[in-house]
Amino acid sequence: MLTRTPRLIADSADQLRERLLTYFHTTFDRYESLFQLLKGDEAYYVKPIALRHPLIFYFGHTATFFVNKLLLAGLLTERIHPGFESMFAVGVDEMSWDDLEDSHYDWPSVEAVRAYRQQVRQRVDVLIRTTSLPEHLSPEHPAWALIMGIEHERIHLETSSVLIRQHHLKYVQPHPDWRPWTSYGQPPANDLLPVAAGAVSLGKRWDDPYYGWDNEYGRHQAEVAAFQAARYLTSHVEYLAFIEDKGYHREEFWDEEGWGWRCYAQAEHPTFWVWRGSQWYLRLLSEEIPMPWDWPVEVNCLEARAFCRWKSQQTGQQVRLPSEDEWYRLGASSGFNEVPEFEAAHANIHLDHAASSCPVQTFRQGEFYDVVGNVWQWTETPIYPFEGFQVHPVYDDFSTPTFDGRHNLIKGGSWISTGNESRLASRYAFRRHFFQHAGFRYVVGAPLEPTRLSRYETDQLASQYMELHYGASYWGVGNFPKAVADKALRAMAGRPCRYALDVGCATGRTTLELAKQFDHVTGVDFSARFIDLAVQLVQEGSLSYTLLDEGELVTYRHVTLDALGLNGLQTQVNFVQGDACNLKPILQGYDLIVAANLIDRLYQPALFLRDLHERLVAGGILILTSPYTWMEEHTEREYWLGGYKKDGESYRSLEGLKALLLPHFRLLDAPEDLPMVIRETARKFQHTLVQVTIWERL
C-alpha cells in the first residue's frame with residue numbers, strides 16, 4: 001500500500017522527520033517505477049501528444065522542482081546541475097508562456113537524467129535528516145518546500161501516467177507494479193437518487209495538519225439546493241448510446257468551445273477507445289483490452305457536457321455536470337471519509353487495488369458508487385480562489401494561472417490519485433479539452449448560476465505593478481518602465497535593433513516599448529503572475545485591475561494597448577517564465593539586454609551578470625537599473641554586490657558591478673539617477689531613486 005500524505009503535526013521533530021523520509025523515498029521510487037513502463041530509450045524522446053514535452057522532460061522535471069524550490073526556500077545554497085534545472089523547469093502546461101518548442105532543447109541521455117535524479121535524492125535525503133524541523137510543520141516554515149516537492153511528484157505520477165497511456169503501444173511494456181483490474185462485464189442500469197439541500201463550508205485553515213496547495217485555503221460557504229445525481233459514474237456502455245446516436249456529429253449537443261475542439265481534433269469517440277477489426281478496445285497504460293463496458297468512460301469536460309445535453313434531449317430533464325459545491329453535498333450524503341492511513345480504501349484510489357479503472361458497481365459509498373475514486377469527475381465549476389486566498393511565495397504559479405475561466409475543477413480522484421490528490425479538500429483543475437483519468441457523474445437540477453469570474457486583477461502586488469507599468473503618473477514622476485525603454489532606445493541610436501531581452505520584465509511595459517523599434521523582444525520574469533498579466537494584455541488588448549485606496553475600498557482601473565500607443569506590437573513580443581540566475585541557453589544573440597530593478601532581488605546576482613556577455617552580440621548594449629536595496633530576505637549577505645565595508649572602506653554596488661562586468665564591457669557615460677513612484681494606497685507611495693548604468697559589450 002503506497003504511503004499516505006503524512007500528518008504534519010507529530011509528537012516530536014524526529015517523528016515528523018521519519019514521516020517525511022518515508023514519504024519522500026516511497027514517492028521517488030514509485031515515480032521511477034512508472035517510467036519503467038517505457039520500452040527503450042527512444043520512448044523518452046518521442047512526444048506522446050503535441051501539446052506536451054517528450055517524457056524525458058517529466059522524468060527530470062520533478063527532480064529539478066525540488067532543487068529550484070529548495071533554493072527559493074533557502075534550504076539549498078547552490079545548484080546541482082544548472083543546465084538541467086533550467087531545461088526541466090518550465091513547460092508542463094499549455095500556458096502561453098510555457099516553452100514547449102523542441103528546437104530549444106538538446107535533451108540529455110536517459111542515463112544522465114537518471115544519475116541526476118539520484119544526486120537529487122541524496123541531497124534531499126540529507127536535507128530531511130539535517131534540517132531543523134518543528135513538531136508542527138506549517139506553510140511558513142522553509143521545510144514546507146520539502147513536502148511541496150514530494151506532493152508535486154505525486155501529481156506528476158498521475159499526469160505522466162496519462163501521457164504514457166497516450167504513447168504508441170510500441171513504446172510501452174507491462175510492469176508488475178502497474179497491473180490493471182482484471183474483471184469486467186455489463187453494468188447495471190444507471191438511475192437517479194435524491195441529494196438533499198444543504199450548506200457547504202469549504203476551505204482549509206492555515207493550521208490544518210495536512211499539506212495543502214494554496215487554492216485549498218481560505219473560506220467558502222454556500223447553500224445548495226436539492227438535486228438528483230446518478231447512482232453510478234457514466235459507464236462505457238451508457239456513453240456508447242451517445243456515440244451510436246451520432247453525438248460527435250451533431251453540433252446541437254456541443255457548446256462553441258466544445259464543437260471547435262471536436263472539429264479541430266476530428267474526434268469521433270473518447271480518446272482511449274480503439275476500434276479494431278469489428279469491436280471496441282480500451283487503451284490502458286501498456287496494453288489494449290476488449291472494451292470493459294462496465295468501467296467508467298474517460299472523456300474531457302467538453303465531451304461530458306455534450307453527453308449531458310444529449311441526455312437532456314433523451315429524457316426531457318435538465319441533465320448537466322455538478323458544481324463543486326454539489327459534489328461536496330453528494331460526498332456528505334455518501335458518508336465517505338478520508339482514505340484510511342493503514343488499510344486499503346473502500347474506493348479505487350491511491351493505487352490501493354489496481355493500475356486502472358474498475359467496474360462502476362464495485363465500490364459502494366452510501367447509496368452511491370464511486371463518489372470518491374475510480375476516475376476523476378468533471379464539474380461545471382471553473383477553479384477560483386476562496387476568500388482569503390494567498391499564493392505561497394515558493395510556488396506562486398501553482399494556482400493563479402488557472403484562475404482564467406478556462407480550467408474546470410475535477411473532484412473525487414482516480415485510481416492513481418495519491419497523497420494530497422486523494423484528500424477531500426484537494427482542488428485540481430485542467431483545461432476543458434485536456435485528458436486525465438477523468439470521467440463524470442451527471443446530475444439533474446436547476447440551472448446553475450452563470451459563473452461570475454472577476455476580470456479584475458485583485459492581487460495587491462500584481463495590481464501595483466500594473467499601475468506602475470500602465471497607470472497614472474504620480475508626484476510629477478513619469479512612467480518608469482517607459483523611461484527605461486526610452487533610455488535604452490537612445491543608447492541604441494545608430495546600432496542594429498534586431499533582438500532585445502527584457503529580464504525581470506514584470507508586467508511587460510518596457511518589453512512593449514522596446515518593440516516599437518526592435519524586430520523582436522523577449523520578456524522574462526520569474527513570477528508567473530506577472531507573465532500571465534503581460535500575456536493577457538497582449539492577447540486581449542486590455543486589462544482591468546483594482547487598486548487599494550484604504551481599508552477595503554478600492555479603485556477600478558482599465559488599461560488598453562490602444563490608448564497607450566502600444567497596439568499592433570503583439571507579434572513582436574513574447575513572454576516566458578524564467579530564473580534570471582539560470583537563464584535558458586536559447587536566450588542569446590541579443591543586441592540589447594535590459595534588467596530594470598532586478599539585481600538586488602536575485603538570490604545570487606553574480607550568476608546572472610557573469611555570463612551576460614555571452615548572450616549579447618559584440619557591441620551590444622546592457623542596461624541595468626537598481627536602487628541597490630540589498631536585503632537578506634532576497635539575497636544572502638555574502639552575495640551582495642556592494643553596500644558593505646571592504647578592507648575598512650565603503651564598497652558600493654557600482655564598484656561590484658564594475659568588478660564583474662569590466663572584463664567584458666565598458667561603461668558608457670556616467671551613471672544617472674532615475675526616479676520611480678509605486679502607489680501602495682491612495683495616501684501611501686513608495687518613492688525610489690534608481691541608478692542607471694549603460695554598458696557596451698567589448
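Derivation of every value follows stated rules applied to the coordinates shown; laboratory data play no part. Everything numeric here is computed off the predicted structure, so don't read it as measured data. So basically every Cβ, Gly included, is an ideal-geometry build from the backbone, and we count neighbours across all protein chains shown.
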*Distant-in-sequence amide H partners of Asp370 (H built 1.01 Å from N, under 5 Å)*: Phe363, Gln365
_Ile289/Glu18 FRET efficiency (R0 35 Å; Cβ-Cβ; nearest 0.05)_ = 0.30
*Report the one residue of Ile694, Pro675, Leu624 whose Cα lies farthest in the direction of the positive end of the charge dipole of region 457-697 (charges on C-beta: Lys and Arg +1, Asp and Glu -1; origin at the Cα centre).*
Ile694
*Would you work out which of Ala267, Leu21, Val67 lies farthest towards the positive end of the dipole of the chain, given +1 charges on the beta-carbon of Lys and Arg and -1 on that of Asp and Glu, about the Cα centre?*
Ala267
*Counting other beta carbons within 10 Å of each Cβ, put Val297, Val339 in order, fewest first.*
Val339, Val297
*How much length, in nm to one decimal, is gained on full extension between Ala446 and Thr571, taken as 0.36 nm per residue of separation minus their Cα-Cα distance?*
40.5 nm
*Thr379, Thr182 arranged by Cβ crowding within 10 Å, fewest neighbours leading*: Thr182, Thr379
*Asp11 versus Thr77, label points 7 Å from Cα toward the beta carbon: distance in nm?*
3.6 nm
*Measuring from a point 7 Å past the Cα of Arg406 along Cα-to-C-beta, which residues in region 543-572 have an amide N at less than 15 Å?*
none
*asked:* Along the Cα→Cβ direction, 7 angstrom out, place labels at Glu633 and Ser278. What is the inter-label distance in nm?
replied: 7.3 nm
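Rounded, prolate or oblate: which fits region 404-515, taking a ≥ b ≥ c as square roots of the Cα gyration tensor eigenvalues, rounded meaning a/c under 1.5, else prolate when a/b beats b/c? Could you put the intermediate results ahead of the total?
On the way: a/c = 3.40, a/b = 2.35, b/c = 1.45.
Because a/c hits 1.5 or more and a/b exceeds b/c, region 404-515 counts as prolate.
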*State the extension gain, in nm to one decimal, for the chain segment bounded by Asp549 and Arg364, taking 0.36 nm per residue of separation less the distance between their alpha-carbons.*
61.3 nm
*asked:* Please list, ordered by chain and number, the residues whose modelled amide H lies under 5 Å from the amide H of Ala438; skip anything fewer than 5 residues away on the same chain.
replied: Val299, Trp376
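Just to confirm the filter: which trypsin sites (Lys or Arg not before Pro) across region 173-243 are DSSP coil and have at most 11 other Cβ within 10 angstrom of their Cβ? All intermediate terms of the calculation are to be shown ahead of the outcome.
Values: sites: Lys204, Arg205, Arg219, Arg231; in loops: Arg205, Arg231.
Loop-located and lightly packed - Arg205.
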*List, in order, the whole-Hz ³J(HN,Hα) value for each residue of region 295-307 obtained from phi through the Karplus relation with A = 6.51, B = -1.76, C = 1.60 and θ = phi - 60°; use x for Gly and Pro.*
8, x, 5, 10, 9, 8, 5, 5, 5, 4, 4, 4, 4
*Only Cα pairs under 8 Å and at least 6 apart count here; give the relative contact order of the chain as a rounded whole percent.*
12 percent
_Residue-wise HN-Hα coupling along region 365-376, computed from phi with Karplus coefficients 6.51, -1.76, 1.60 (Hz; x: Gly, Pro)_ = 10, x, 8, 9, 10, 6, 4, 10, x, 6, 9, 4
_17 Å reach of a label modelled at Lys246, 7 Å along Cα-to-Cβ, counting backbone N of region 262-293_ = 263, 267-269
_From the phi angles alone, apply the Karplus equation (6.51, -1.76, 1.60; θ = phi - 60°) to region 127-133 and give each ³J(HN,Hα) in whole Hz, x where the residue is Gly or Pro._
4, 5, 6, 10, 5, 5, 10
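Hey, got a sec? Which chymotrypsin sites (Phe, Trp or Tyr not before Pro) in region 328-377 land in a DSSP loop and have at most 16 other Cβ atoms within 10 Å? Can you show the working numbers first?
Numbers: sites: Tyr328, Phe336, Phe342, Phe363, Phe368, Tyr369, Trp376; in loops: Phe336, Phe342, Phe363.
The qualifying sites are Phe342.
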_So, R0 is 41 Å and r is the distance between the beta-carbons of Val126 and Ala670; what FRET efficiency does that work out to, to 0.05?_
0.25
*Between Thr688 and Val477, what length comes free when the chain is fully extended (0.36 nm per residue of separation minus the Cα-Cα distance, one decimal in nm)?*
74.9 nm
*List the residues whose amide H sits under 5 Å from the amide H of Gly620, counting only those 5 or more places along or on another chain, with H placed 1.01 Å from N in the peptide plane.*
Arg697
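Mind checking the dipole of region 194-446: about its Cα centre, +1 per Lys or Arg Cβ, -1 per Asp or Glu Cβ, Debye to the nearest 20? Write down the numbers at each step before the final one.
On the way: 22 positive and 34 negative charges, 93 e Å.
Its charge dipole is roughly 440 debye.
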*Among Lys204/Lys684; Lys584/Lys646; Lys204/Lys411; Lys69/Lys584; Lys47/Lys170; Lys487/Lys658, which pairs are too far apart, with a Cα-Cα distance over 22 Å?*
Lys204/Lys684; Lys584/Lys646
*Can you put Ser527, Ser138 in order, fewest other beta carbons within 10 Å first?*
Ser138, Ser527
*Label-point gap, in nm, between Gln186 and Thr681 - each point 7 angstrom along Cα→Cβ*: 7.1 nm
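Just to confirm the filter: which chymotrypsin sites (Phe, Trp or Tyr not before Pro) across region 148-229 are DSSP coil and have at most 14 other Cβ within 10 angstrom of their Cβ? Write down the numbers at each step before the final one.
Numbers: sites: Tyr171, Trp178, Trp181, Tyr184, Trp206, Tyr210, Tyr211, Trp213, Tyr217, Phe227; in loops: Trp181, Tyr184, Trp206, Tyr210, Tyr211, Trp213.
Those that pass, being in a loop and sparsely packed, are Trp206.
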*Among Ser201, Asn215, Val172, which residue has its Cα positioned farthest towards the positive end of the charge dipole of region 170-306, with +1 placed on the Cβ of Lys and Arg, -1 on the Cβ of Asp and Glu, and the dipole taken about the Cα centre?*
Val172
_For the chain, calculated [θ]222 nm from helices alone, where every DSSP H run of n ≥ 4 adds -39500 (n - 2.57)_ = -9000 deg cm²/dmol
*Assign unit charges at the C-beta atoms only (+1 for Lys and Arg, -1 for Asp and Glu), then state the dipole size of region 13-177 relative to its Cα centre in Debye, rounded to the nearest 20.*
360 debye
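For the chain, give the magnitude of the charge dipole about the Cα centre (Cβ charges: +1 Lys/Arg, -1 Asp/Glu; no others), in debye to the nearest 20. Each step should come with its number before you reach the end.
Numbers: 66 positive and 91 negative charges, 130 e Å.
Its charge dipole is roughly 620 debye.
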_Give me log10 I(q)/I(0) at q = 0.07, 0.10, 0.12 Å⁻¹ for the chain, Debye formula, one equal scatterer per alpha-carbon, no solvent._
-0.52, -1.04, -1.41
